[in-house]
2 protein chains.
Amino acid sequence: MATEESIVVTKDEVHSFVIRSMEAVGLKLKHGTVLADLIVSAECRGHASHGLNKLEQYMNEIKSGMTSTEDLEPSVLKETSATALVDGNNLIGPYVARFCMDLAIQKAKSAGIGIVSCRGSNHFGTAGWYSLRATEQGLIKVLGTNPLSLGAPAQNGDSFVLDMATTAVAMGKCELKGRRDQPLPTGWAVDVEGHETYQFKTMAGLSPLGGTEESSGYKGYGLAMMVEVLCGVLSGGAFGLTHRPARTHDRPADYGQCFIAIDPDNFAEGFTERMQSLMDSCRNQEPADQDPVLVAGDPERHHQALCDKLGGIPYHPAQIRISKDLATRYKVTPMKPL
Amino acid sequence: MATEESIVVTKDEVHSFVIRSMEAVGLKLKHGTVLADLIVSAECRGHASHGLNKLEQYMNEIKSGMTSTEDLEPSVLKETSATALVDGNNLIGPYVARFCMDLAIQKAKSAGIGIVSCRGSNHFGTAGWYSLRATEQGLIKVLGTNPLSLGAPAQNGDSFVLDMATTAVAMGKCELKGRRDQPLPTGWAVDVEGHETYQFKTMAGLSPLGGTEESSGYKGYGLAMMVEVLCGVLSGGAFGLTHRPARTHDRPADYGQCFIAIDPDNFAEGFTERMQSLMDSCRNQEPADQDPVLVAGDPERHHQALCDKLGGIPYHPAQIRISKDLATRYKVTPMKPL
């Protein structure tokens with residue numbers, strides 16, 4: 001949300017700052033451009049946790065040689081009319097993931113469903129970005145890395161876009177709290193001994209969706225495993241304890257990802273009408289408190305409208321300061337606010 | 001769990017009691033047999049909420065003419081090498097769902113992935129039963145009705161079987177609490193005004209997985225919508241507010257369901273080895289309390305071992321009493337305990 005404190009930067013300036021920063025660590029323009037597209041989209045949709053907040057992490061991965069800067073494309077290792085196994089060749093995550101999503105879309109258009117399993121990839125940003133890509137072509141998209149996403153097209157540009165971590169919250173949300181010196185809410189994180197913690201500094205892990213056993217935390221654990229099976233185990237990439245620990249750079253991440261696209265034309269006619277009716281019937285429910293009932297994708301639409309009104313993306317001053325420091329360290333022209 | 005109070009009935013006797021009861025309301029033997037298979041499996045795996053507990057509900061559906069007893073098969077309406085749209089012709093749920101799962105498995109074996117979307121179906125019991133069917137053939141299975149399930153094969157008969165309602169708990173669990181005169185735990189259910197309730201009698205709805213907004217209840221809501229999109233909206237069956245209200249019989253349920261099977265042979269080699277390693281690494285984690293760490297499917301395996309040891313399924317006396325009353329009302333020979 002824009003507050004009195006927030007500093008507005010145009011989308012073009014954010015986009016070009018990401019490209020400048022990526023070029024400073026040697027990334028090819030074609031790879032950096034996809035990352036910039038993703039970051040601008042995440043910021044406009046209000047996912048600050050996956051916007052500039054992650055930029056230094058991507059740069060560190062490249063600087064330490066853990067993400068490749070070679071002029072390569074991902075490789076298709078195995079293929080049927082409806083499936084593909086892809087090696088991301090350790091390229092930057094969003095470039096690999098966009099390639100896989102587009103391949104799944106292409107397969108769905110001919111076979112009705114397309115599933116692309118990918119290994120040798122890296123952090124791919126917001127899963128919803130890929131879902132949106134499929135919904136823009138009238139397709140349904142399911143699943144991602146440990147986050148899980150589903151997008152489905154409705155009418156007149158309206159769409160359902162679920163993009164959720166299978167933990168109670170995404171790590172990026174905890175990072176943002178830490179960056180802003182705010183305490184972590186109940187049920188978000190645990191310390192190294194597995195006990196709940198309210199401080200970003202002492203957190204060692206995220207709690208699963210559902211919290212305790214009685215409130216069904218085992219379901220969040222089960223969902224995380226489901227995503228691990230479809231992404232890590234199926235692709236032959238890293239999985240479970242073979243994952244490189246967070247914030248280390250001793251070996252490539254070798255992330256596995258999974259993209260499934262479904263063409264609703266192969267099923268019952270009138271998909272978008274029913275989708276619209278389902279979404280509108282939720283939105284028209286009488287709310288339990290004063291806030292209106294939303295569906296997945298609505299908060300992002302509201303934030304996008306706010307960015308349009310402001311003529312750019314509203315940033316917390318801490319993020320602007322951090323980006324400026326980063327620019328100085330890498331001798332990159334800093335972002336110019338509006 | 002077997003307690004001192006529990007009454008043991010052999011699997012064969014439970015199976016034959018279900019068939020007797022179904023024949024009493026006019027269901028064809030081939031349809032009733034599949035329901036009996038499912039109920040016995042659910043009971044052995046410890047899912048009492050989806051065992052005999054549901055029998056009267058199935059009988060009421062048939063008696064009121066809402067589930068068809070005609071000598072029919074489900075119809076395939078549309079098909080590609082990897083997809084199918086099926087009309088369940090309002091047959092009993094497990095018969096329709098087994099047909100769809102087997103069709104998805106067959107498609108996965110030729111195209112690498114198979115998705116079958118089904119409408120005109122009815123309550124299909126435990127989603128895990130269908131997942132197990134796919135894992136037994138070395139395939140991965142994803143999704144169901146509003147519950148969501150994933151099964152993946154590991155080694156030597158070991159497998160991962162997630163089967164979860166996208167609500168905090170399944171309705172059947174609340175019904176069992178009511179039947180046993182026990183209060184509902186925190187975070188399970190709400191009354192007609194949307195406030196939390198601890199009494200089965202006053203409950204009007206289930207809470208979503210995640211609970212409140214701060215503990216990410218909107219994720220449970222999003223997951224429920226995801227399943228609704230893939231099952232109800234894609235198939236053209238009932239969805240959202242077009243669903244027949246629970247415990248009413250004024251029109252057929254027209255449930256939509258979705259079955260996806262994936263053949264891991266089309267992806268990275270060594271799937272079952274990696275699956276085994278992932279599951280074992282979870283099981284070998286040091287527990288936060290004295291109970292060992294489990295993976296989805298383990299509690300069911302433990303209950304199955306208990307049934308083997310007891311020579312039958314242990315029932316709460318209330319369930320035996322209810323089944324006896326049902327038998328009397330329908331002039332069916334009651335179940336004979338061990």
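Remark: for residue pairs A:Lys109/B:Lys107; A:Lys63/A:Lys336; A:Lys78/B:Lys107, the C-alpha separation exceeds 21 Å in A:Lys63/A:Lys336. Projected label points at A:Asp71 and B:Glu213, each 7 Å from Cα along the beta carbon direction, are separated by 5.2 nanometres.
Across segment A:312-329, rounded Karplus estimates of 3J(HN,Hα) from the backbone phi angles (6.51 cos²θ - 1.76 cosθ + 1.60, θ = phi - 60°) give x, 9, x, 10, 5, x, 4, 5, 5, 5, 5, 5, 5, 4, 4, 4, 4, 4 Hz, Gly and Pro being marked x. Dipole magnitude for segment A:250-312: computed about the Cα centre from +1 point charges on Lys and Arg Cβ and -1 point charges on Asp and Glu Cβ, it is near 140 debye. Towards the positive end of the charge dipole of segment B:1-101, with charges on Cβ (+1 Lys, Arg; -1 Asp, Glu), say which of B:Met59, B:Tyr95, B:His47 has the farthest Cα. Farthest along the dipole direction, towards plus: B:Tyr95. Distance from the axis that maps chain B onto chain A is least for the Cβ of the chain B residue given, with the whole Å value, as B:Ala82, 2. Chains B and A together bury some 5600 Å² of accessible area, summed over both sides, with a 1.4 Å probe. Within the shell of other residues whose beta carbon sits under 14 angstrom from the beta carbon of B:Gly236, the net charge comes to -3, with Lys and Arg scored +1 and Asp and Glu -1.
From most to least packed by mean Cβ count within 10 Å, the peptides A:249-259, B:118-128 give B:118-128, A:249-259.
Think of it as helices only: each DSSP H run of n ≥ 4 in the protein assembly as shown is worth -39500 (n - 2.57), and spread over all residues that comes to -12000 deg cm²/dmol at 222 nm. Lys and Arg at +1, Asp and Glu at -1: add these up for the other residues within a Cβ distance under 11 Å of B:His47 and post the number. Surrounding charge for B:His47 is 0. Mean partner shielding of peptide B:203-212, defined as the number of other chain Cβ atoms within 10 Å of each residue Cβ, is 3. Oblate is the label for segment B:1-146, because the ratio a/c of its alpha-carbon gyration tensor axes (a ≥ b ≥ c) is 1.5 or higher and a/b is not greater than b/c. From the Cα gyration tensor of segment A:216-338, with a ≥ b ≥ c the square roots of its eigenvalues, which class applies: rounded if a/c is under 1.5, or else prolate if a/b is larger than b/c, or else oblate? Because a/c hits 1.5 or more and a/b fails to exceed b/c, segment A:216-338 counts as oblate. Could you tell me how far the Cα centroid of segment A:6-40 sits from the Cα centroid of segment B:108-178, in Å? Centre-to-centre (Cα) distance: 42 Å.
Each Lys and Arg Cβ is given +1 and each Asp and Glu Cβ -1; about its Cα centre, the protein assembly as shown then shows a dipole of about 340 debye. Partners of A:Lys11 within straight-line reach, counting aspartates and glutamates whose Cα lies under 19 Å from its Cα and excluding those fewer than 8 residues away in the same chain: A:Glu23, A:Asp37, A:Glu43, A:Glu56, A:Glu300, A:Asp308.
Copy-to-copy label distances for B:Gly138, where each label lies 7 Å from Cα along Cα-to-Cβ, are 3.8 nm in order of increasing length.
In nanometers and ordered shortest first, the copy-to-copy spacing of the A:Gly178 label point, defined 7 Å from Cα toward Cβ, is 4.7. Here is how far apart the B:Lys201 label points are across copies: 5.4 nm, shortest first, using a point 7 Å from Cα toward Cβ. Surface exposure of chain A, expressed per residue as accessible area with a 1.4 Å probe, stands at 41 Å².
Within 10 Å of the Cβ of each residue in B:257-266, the mean number of Cβ atoms contributed by other protein chains is 3. Would segment A:130-232 count as rounded, prolate or oblate if I go by the C-alpha gyration tensor, calling it rounded below 1.5 in a/c and otherwise prolate when a/b exceeds b/c, oblate otherwise? In terms of gyration-tensor shape, prolate.
Residues of segment B:111-139 that bury at least 30 Å² of accessible area once all protein chains are present, compared with their chain alone (1.4 Å probe, heavy atoms only, ligands and nucleic acids left out), are B:Ala111, B:Ile113, B:Ile115. Between B:Lys78 and B:Leu85, the built amide H atoms are under 5 Å apart, and every one of these is 5 or more places off in sequence or on another chain. Per-residue 3J(HN,Hα) values for segment B:41-58, derived from phi via the Karplus relation 6.51 cos²θ - 1.76 cosθ + 1.60 with θ = phi - 60°, read 4, 4, 5, 5, 7, x, 8, 4, 4, 10, x, 4, 3, 9, 4, 5, 4, 4 Hz in sequence order (x marks Gly and Pro). Peptide B:238-250 has a mean of 2 when you count, residue by residue, the C-beta atoms of other protein chains within 10 Å of its C-beta. Inter-part distance, segment A:266-331 to segment B:282-338, computed on C-alpha centroids, equals 45 Å.
Quick check: net charge around A:Asp254, other residues with Cβ under 11 Å of its Cβ, Lys/Arg +1 and Asp/Glu -1?
Around A:Asp254, the surrounding residues sum to +2.
In this structure, the amide hydrogen of B:Leu206, modeled 1.01 Å from its nitrogen in the peptide plane, lies closer than 5 angstrom to those of B:Val190, counting only residues at least 5 positions away or on a different chain.
In order along segment B:272-277, the Karplus-derived 3J(HN,Hα) couplings, from 6.51 cos²θ - 1.76 cosθ + 1.60 at θ = phi - 60°, round to 5, 5, 5, 4, 4, 5 Hz, and Gly and Pro are given as x. Taking the Cα centre of chain A as reference, the dipole from Cβ charges on Lys and Arg (+1) and Asp and Glu (-1) amounts to some 1000 debye.
A cut-off of 5 Å between modelled amide H atoms, ignoring neighbours fewer than 5 places along the same chain, links B:Ile313 with B:Val9, B:Thr10, B:Lys11. Which of A:Glu286, A:Glu196, A:Glu228 moves most in a GNM of chain A, Cα contacts under 10 Å? Residue with maximal mean-square fluctuation among A:Glu286, A:Glu196, A:Glu228: A:Glu286. When you restrict to C-alpha pairs under 8 Å that are six or more residues apart and normalise by the size of chain A, the relative contact order lands at 24 percent.
The values are calculated or read from the model by the stated rules, or taken from the named source; none is laboratory data. Keep in mind it's a predicted model, so treat the numbers as computed, not measured. Here the Cβ is made from the backbone with ideal geometry for all residues, glycine too, and neighbour counts use every protein chain on show. Heavy atoms of the whole protein, side chains included, go into the accessibility calculation; ligands, DNA and RNA do not. Shrake-Rupley method; radii C 1.70, N 1.55, O 1.52, S 1.80 Å.
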